[in-house]
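Undergrad: To start, I am sharing the structure in question, which I have written as structure tokens.
Here, each number is a calculation from the coordinates, and none is a lab measurement. All of these numbers come straight from a predicted model, not from anything done at the bench. Cβ placement follows ideal geometry from the backbone for every residue including glycine, while neighbour counts extend to all protein chains displayed.
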Amino acid sequence: MSRLLRALLLGLAACATANEAAAQEESGPIEFFEKKIRPLLATNCYNCHSAFNNSMGGLRVDDRHGLLTGGNRGPAIVPGQPEKSRLIAAVRHPEQGLKMPPNKKLTDAEIADLEKWIADGAPWPEVKLPESIGSRAAEYEQLKKTHWSWQPLSAVAIPAVQQVDWPRSDIDKFVLQKLEAANLQPVTDAKPLALIRRVTFDLTGLPPSPEEIDEFVEDEAPNALEKLVDRLLASKSFGERWGRHWLDVARFGESTGSARNLPYPHAWRYRDWVIDAVNNDKPYHQFLREQIAGDLLPANSPREKANQLIATGFLAIGVKDVNQRFKVRYIMDNVDEQIDVVTRGILGLSASCARCHDHKFDPIPTHDYYALAGIFRSTDLCAGLRNKMGGGGLDYYDSELLIPLSDSAVDTDADADAKIAKLQEELKVAVAEFQALRNSPEGDVKTADGRPKRMVARLKTEKIRADINALNDPAARGPVAMGVRDAVAVADTEIRVRGEAEKLGPVVPRGFLSVLTLPDQSAVNKKQSGRLELADWLTHPQNPLTSRVIVNRIWQHLLGRGIVGSVDNFGVTGDVPTHPELLDYLAARFIREGWSIKKLVREIVLSRTYALSSAETPAHRTADPGNRLLWRHTPRRLDAEEIRDAILATGGTLDRARPTGSPIQKYPVIELRNNGPQARSIANQAQSSRHRSVYLPLLRTLTPRALDVFDPAEQGFVSGSRDTTTVAPQALYLLNDPFILEQAHKLADRVLQRQDLDEHHRVVWAYRLALGRTPATPEVSRALTYLNETVGAQRQLLAAAEPGASAKPAATVAANSTDETAQGTTANAPTGNGTTGATPAPPPATPTGGAATAAPRPAPARPAPTVPVNPDDPVPEDDAPVEKSHQPTDPRVAAWVSFCQALLGSAEFRYLR
Amino acid sequence: MTLVTSTNESPVSRRQVLKSAGAGFGYLALAGLLGQQSARAQQAGAVNQPSPVQPKPPHFPAKAKRIIFLFMEGAMSQMDTFEYKARLQAEDGKPGPGGGTLVASKFQFAQHGQTGSWVSELYPNVARHVDKFCFLRGLHTDTPAHPQAVIQLHTGTALAQLTRPSMGAWLLYGLGTENQDLPGYITINPPANFGGTVNYGSAFLPAYYQGTKIGDRGQLPNLAASQPAQLQRRQIDLIQAMNRDLAAKPGAPEQLEGVIQSYELAFRMQSKVPDLLDISKEPQAVQEAYGVKPGPAGSFARQCLMARRLTEAGVRFVEVCQNGWDHHNNLHNGLIANAKATDQPIAALLNDLDQRGLLDETLVLFGSEFGRMPTAQGADGRDHNITGYPMILAGAGVKPGFSYGATDEYGLHAVEGRMHTNDLHATLLALLGLDHEQLTYRYGGRDFRLTDVAGRVVQEIFS
């Protein structure tokens, strides 16, 4: 036995003594189990209740944990108490109630054996830990001492530099020192025009308006940049951009994803909480504490408590596989997901690798993983969901697993209670009817409307369940949140051998990662889950990872690359910091300044390093092509959200108000199939929204199209950095998407409305609106020539189209009659291959002006249908989304729309220098 | 051997080229439109350079023109599919040579074809094609974790410090692509994790060598042109003129060349791609042969049929993906489900390529980022194995009915004909006519290769 394992077992002594002693004494009972009970279960029960065959009712009896957890009806056995064990009740074949096995009663002797086994405590042979567990102890000890990231923050001195005039702040000294050491000069400073565009996008995700640009460029005060930065930090747009950065880390999504994609109707509350917290500059340690343990923190008001509860949504909004047969696996998978988001998101460590084996690279033993798992195992995950294999309709919805946000929601309606009681009775009858039809040929008999009786019976049970849920549902009675709360039973949990949820090894006391053992860290409160102490440990001022990781994330968002390139991985396989001293300086300063994100952002953007131009020389590129040493400001493409928001802002149509909630919130918790009417409706609502992109509905796997082509955050897991691809589908989007055509039209209208300007100055105004700069003379000439020639070409086309009487609006086509938003929108005319090649089709013509370009507003008056779908129906193929045509008929307007679209499509529009 | 790919062009000179390169045929229209007003445009008029993804001659005669990669993400268990080990089957439950408990495959194996190659009952349809196969049985790789191994399989290295270009990007860089109206590199249904876009990215190669991602129902939105072609061409020319202006400015973004190419390709794709991705255009019999159906169960069949259509149209590198092979548990049922999803489509693809004469020009690569252990993991699982696992080649350039390399009697370690991922890449490039040591790109003062500083061409498998 390895040293670590021995130590581990000694450490466990307090909890495990009883078990171990029992295990030794029980060679008799174990033998009894192997001789009598296991064969009995295998012969009579495995066909319907085991891992490899089936798990009817969610129950499996081929492992002890399965019996203890039980199925849909609750635990199957209560060790020591045969009379309280459902298994015993069922095998006795009572007059009323469940009879198991259904077609054959066990003999009295067999039943007696089962009773005896349960009375003896239901002993089961213990699963041995593989020898590999704990075998890396020595290697781990070495790694703990040597790897940079988990060493304490070092006290760094501000470095001395040769060019003393260059630095504007301490940050600059750290950067310049490295540059001087490499014999590289920083390039020139950015021009004010580039700087205001850069800093406005970086801080708010929006372009500066022409007026804001003028004000800054003309402001010769030495503190002009400070004034600008302070204004941006104070704007609510700051939280909308920087909150989105955190949502990337928090793998925010508004549905389960995975095999059955169910909506999260309340996830938006967490999204709004994040944005508000960032805008209020909630200190980062407090920000984290509320997300990990908001339910356990003191609150000064019901409102504060409600916000703290919403914050715990962080632990609830991840991907879930509700179509999981075994409850224990569902639970342990969710625990794993929580461990991953906490450790990777906050600490930059991939602790979830230690679920099945000791971490292969970092000193994270499986023991530590299950110490954390115990904390989350003692926590109820309130996502409003439960697992079920092959469920449909509202099967997955569990309204008890939601967090009511106000006491008013609790006042029970006596009338409702009576209705519920009545429905419960009806449900019993309906379930019995369905059970009777379930496996009998009678179930296949068709009813009058052609549906099998079995299906009709099942739908009836679903309907009654839905009605009961609706009456019981706290979400129907008042505001609720997704989040977590301490479980009724809190306990340490067992190591799961090789990560298999049912294979229980020794119990591990709840705790944290031993790689970060901090002075005076709080021990887990045995009466609670331990999340409060976990939050203490994560935000302990001497926890070196929490501050380094967030500071590095912030640096990345402003300088293009983290000081540690692998922002989510500070482990052995991650990158090493390019400027380790700077990282520690920033981390220490961050803590000293009260964990203020705004202060840190301010400090960085006021540095000279940040304000460098993006110019380059061959010498620089050869010496350091990746700009690791920060000799310039790396240009960047705007993020998906910024591109869409900038297009709306340029078109003058951006709605800066926060929408109430999310389009998702009105959907019942029923599977959203990729191309079902509900998913299509949500996609259409996203397409027609004019709110900032952070507020678009974010169903997993159904990313709004405006974001999808420009590399949005992967919603499945922590993603601290985004990709930047450059591919033809982006050009196709900018050339053809109805949203772009509409916004180009809006921009054209905006420019053409300027009656006070001549055509030349309208071009200038369009450039200023779209690109934030005045065009050079050749650019204006080029634009005017383009406009003239395009007017001519448009006129010819329209003339050619005239005799064909195609000046009518394109026909109204509903893509699908069940679509909730189809009404009143027109379809984009091109069909089939859409080619225009040698025989150009006339453009689909619609009247120009307000009517043609008014955004289609969804008006879903009626609630989404609650009729259950059969989950095994094939998923329908893609239907073309409902689109509008935005082709103007006036040649001059058409030419301007085309020109404005070119501005929106130019690389300059979406790249920052 | 002629050196056709530039090994020493610096990024600065690339940009200088770009300023004058124009964008293929679009330039002429632009020049006319602007009446030669812009000095820069005049300069551009002097050099009407071809697209950077024009076909380029290989270093030496190519044996294959294109690759289809059937990627089994998550590591397919070779012990239960294509690696029959009599000793493993006989020693079920005994201790394994490297520890653990050996577990025989629960699936029946049989010998197939003239070559008598062993295939398990999981692949009855694929088994009919064994005589076309060139098995590589001695592969090994560096990291027993999916993210690193998937990235290494696709880019040659899993070093976190510097992301490398994917193999499809290297192929495009080396060879260009036959059909200028289509992306030269298409990946269908790629995994979002394990590196995500890194696996079809171009890293420091110019962005126009990136793979284009398509959904498993052929989703590629916005292919329908929003206006008549002449008008759109005019508009694109204006956009490109603006883009070239930006390229001339200091500190222009590196991806600008990629942006310019993306517009040219997008313009051409509009007329070709919608038909190409519409597999409903295939005769019913063909769709049935692949097993095309809606929903997740038909995903791989649809991907394979799209892959054939794209290959036929001249796409240089097509990758399709079946995920979910990571059977640490649920091995038995998981294998049955995944084999069911892939067996018929792969067999149909091979048949279809063969009948159309495409298999003479197309190399099919079938396999995972690594293999699985001959020993048990839990009651119904197998852990990762990086020390010996197979991949299968078929088609252009490789010996049919051939097997290269071997693992030990249990299938644990590669003992003969060992091939590292770098060797696989060197060999694939050689089959496409590229010398992996010459296919270099200078970045940050050094030449980079797909094979880094290693790689052996395994000529033994060449037909």
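Undergrad: Shape call for the stretch A:662-742 from the C-alpha gyration tensor, a ≥ b ≥ c root eigenvalues: rounded (a/c under 1.5), prolate (a/b greater than b/c) or oblate?
TA: In terms of gyration-tensor shape, oblate.
Undergrad: From the convex hull of the Cα coordinates of the stretch A:25-119, what is the mean projected area in square nanometres? Could the numbers behind the result be given before it?
TA: On the way: hull surface 23.7 nm².
The Cα convex hull of the stretch A:25-119, projected and averaged over all directions, gives 5.9 nm².
Undergrad: Mind pulling the per residue volume of the convex hull built on the Cα atoms of chain B? Å³ is fine.
TA: Values: hull volume 64.0 nm³, N = 463.
Hull volume over Cα atoms, normalised by residue count, gives 138 Å³.
Undergrad: I need two numbers for the stretch A:343-399: Rg to one decimal and Dmax as a whole number, Cα atoms only, in Å.
TA: 15.6, 44
Undergrad: Quick check: Cα centre of the stretch A:701-716 to Cα centre of the stretch A:582-612, how many Å?
TA: Result: 30 Å between the Cα centres.
Undergrad: Other chains' Cβ within 10 Å of B:211-223 residues: what's the mean? Mind showing how you got there, number by number?
TA: Details: counts 2, 4, 4, 1, 3, 0, 5, 2, 5, 4, 11, 15, 8.
Partner Cβ neighbours, averaged per residue: 5.
Undergrad: Continuing with the same structure: Spelling out what I want: for every residue of the stretch A:30-37, take phi, set θ = phi - 60°, compute 6.51 cos²θ - 1.76 cosθ + 1.60 (Karplus), and round to whole Hz; glycine and proline get x.
TA: 5, 4, 4, 4, 5, 7, 10, 7
Undergrad: What's the angle, to the nearest 10 degrees (0 to 90), between helix A:738-752's Cα axis and the longest principal axis of chain A?
TA: With rounding to tens, the tilt is 30 degrees.
Undergrad: A further question on this structure: Specify the angular offset, from 0 to 90 degrees and rounded to the nearest 10, of the alpha carbon long axis of helix A:192-204 from the longest principal axis of the alpha carbons in chain A.
TA: Helix A:192-204 sits roughly 20 degrees off the main axis of chain A.
Undergrad: Quick one: P(r) of the stretch A:540-698 from all Cα-Cα pairs, 5 Å bins, percents rounded to integers, in order of increasing distance.
TA: Binned Cα distances yield the sequence 1, 7, 13, 13, 13, 12, 12, 12, 9, 5, 2, 0, 0.
Undergrad: Rounded, prolate or oblate: which one fits the stretch B:185-314, using the alpha carbon gyration tensor with axes a ≥ b ≥ c (rounded when a/c is under 1.5, else prolate when a/b beats b/c, else oblate)?
TA: Numbers: a/c = 3.20, a/b = 1.62, b/c = 1.98.
Since a/c reaches 1.5 but b/c is at least a/b, the shape of the stretch B:185-314 is classed as oblate.
Undergrad: Continuing with this model, one more query. When B:ILE392, A:ILE88 are ordered from fewest to most other Cβ atoms inside 10 Å of their Cβ, what list results? Spell out each step's value before the answer.
TA: On the way: B:ILE392 24, A:ILE88 19.
Fewest to most other Cβ atoms nearby, the residues stand as A:ILE88, B:ILE392.
Undergrad: Could you state, as a whole-number percent, how many of the C-alpha pairs of the stretch A:314-450 are farther apart than 24 Å? Don't jump to the answer; show the numbers that get you there.
TA: Details: 4996 of 9316 pairs.
Here the long-distance tail beyond 24 Å is 54 percent of all Cα pairs in the stretch A:314-450.
Undergrad: Need the list of lysines near B:LYS63 for cross-linking: C-alpha distance under 25 angstrom, and skip anything on the same chain fewer than eight residues off.
TA: B:LYS132, B:LYS399
Undergrad: Please compute the average number of Cβ atoms from other chains found within 10 Å of each residue's Cβ in peptide A:613-622.
TA: Mean number of neighbouring Cβ atoms from other chains: 4.
Undergrad: For B:HIS420, which sequence-distant residues (separation of 5 or more, or a different chain) have an amide H within less than 5 Å of its own amide H, given hydrogens modelled in the peptide plane?
TA: Distant-sequence amide H within range of B:HIS420: B:HIS140.
Undergrad: Now a separate question. Determine the distance separating the Cα centre of the stretch B:258-311 from the Cα centre of the stretch A:341-381; give it in Å without decimals.
TA: 42
Undergrad: Roughly speaking, what % of Cα-Cα pairs in the stretch A:683-724 are separated by over 12 Å, rounded to a whole number?
TA: Working: 506 of 861 pairs.
Here the long-distance tail beyond 12 Å is 59 percent of all Cα pairs in the stretch A:683-724.
Undergrad: Moving to a separate point now. Cα-Cα over 29 Å: which of A:LYS320/B:LYS281; A:LYS327/B:LYS340; A:LYS388/B:LYS293; A:LYS35/A:LYS526? Walk me through the numbers on the way to the answer.
TA: Values: A:LYS320/B:LYS281 37 Å; A:LYS327/B:LYS340 27 Å; A:LYS388/B:LYS293 26 Å; A:LYS35/A:LYS526 39 Å.
Beyond 29 Å: A:LYS320/B:LYS281; A:LYS35/A:LYS526.
Undergrad: With a cap of 10 neighbouring Cβ atoms within 10 Å, and only residues DSSP puts in a loop, list the chymotrypsin sites (Phe, Trp or Tyr not before Pro) found in the stretch A:137-188. Could the numbers behind the result be given before it?
TA: Values: sites: A:TYR140, A:TRP148, A:TRP150, A:PHE174; in loops: none.
Answer by residue number: there is no such site.
Undergrad: While we're on this one: Using a/c under 1.5 as the rounded threshold, could you call the stretch B:124-183 rounded, prolate or oblate? The axes a ≥ b ≥ c are square roots of the C-alpha gyration tensor eigenvalues, and prolate needs a/b larger than b/c, oblate otherwise.
TA: Working: a/c = 2.68, a/b = 1.11, b/c = 2.41.
The shape class here is oblate.
Undergrad: Let me ask something else. Among the DSSP beta bridges whose two residues both lie in chain B, what percent are antiparallel, rounded to the nearest 5?
TA: Numbers: 23 of 47 bridges.
Antiparallel bridges make up about 50 percent of those DSSP assigns within chain B.
Undergrad: Here is a further query. Antiparallel versus total DSSP beta bridges in the protein assembly as shown: what percent is that, nearest 5? Please report the intermediate quantities before stating the final value.
TA: Working: 42 of 67 bridges.
The antiparallel proportion sits near 65 percent.
Undergrad: Select from A:VAL694, A:VAL161, B:PRO345 the residue farthest towards the positive end of the dipole of the protein assembly as shown; place +1 on Cβ of Lys and Arg, -1 on Cβ of Asp and Glu, and compute about the Cα centre.
TA: Final value for the positive-end residue is A:VAL694.
Undergrad: Does anyone have the angle between helix A:108-119 and the longest principal axis of chain A? Alpha-carbon axes, 0 to 90°, nearest 10?
TA: On a 0 to 90 degree scale, this one is about 60.
Undergrad: Sorting A:MET100, B:MET79, B:MET72 on the 10 Å Cβ count, fewest up front, what's the list?
TA: Ascending number of Cβ neighbours within 10 Å: B:MET72, A:MET100, B:MET79.
Undergrad: How would B:PHE194, A:PHE512 line up from fewest to most surrounding beta-carbon atoms within 10 angstrom?
TA: Details: B:PHE194 21, A:PHE512 26.
Ascending number of Cβ neighbours within 10 Å: B:PHE194, A:PHE512.
Undergrad: Out of every Cα-Cα pair in the stretch A:407-478, what percent are more than 14 Å apart?
TA: Details: 1640 of 2556 pairs.
The calculated P(r) of the stretch A:407-478 puts 64 percent of pairs beyond 14 Å.
Undergrad: How many angstrom separate the Cα center of the stretch A:543-571 from the Cα center of the stretch B:171-190?
TA: Here the answer is 35 Å between Cα centres.
Undergrad: For the protein assembly as shown, report the translational diffusion coefficient in µm²/s to the nearest whole number, using Stokes-Einstein at 25 °C, 0.890 mPa s, and a Kirkwood Rh over Cα pairs.
TA: On the way: Rh = 33.7 Å.
Translational D for this selection: 73 µm²/s.
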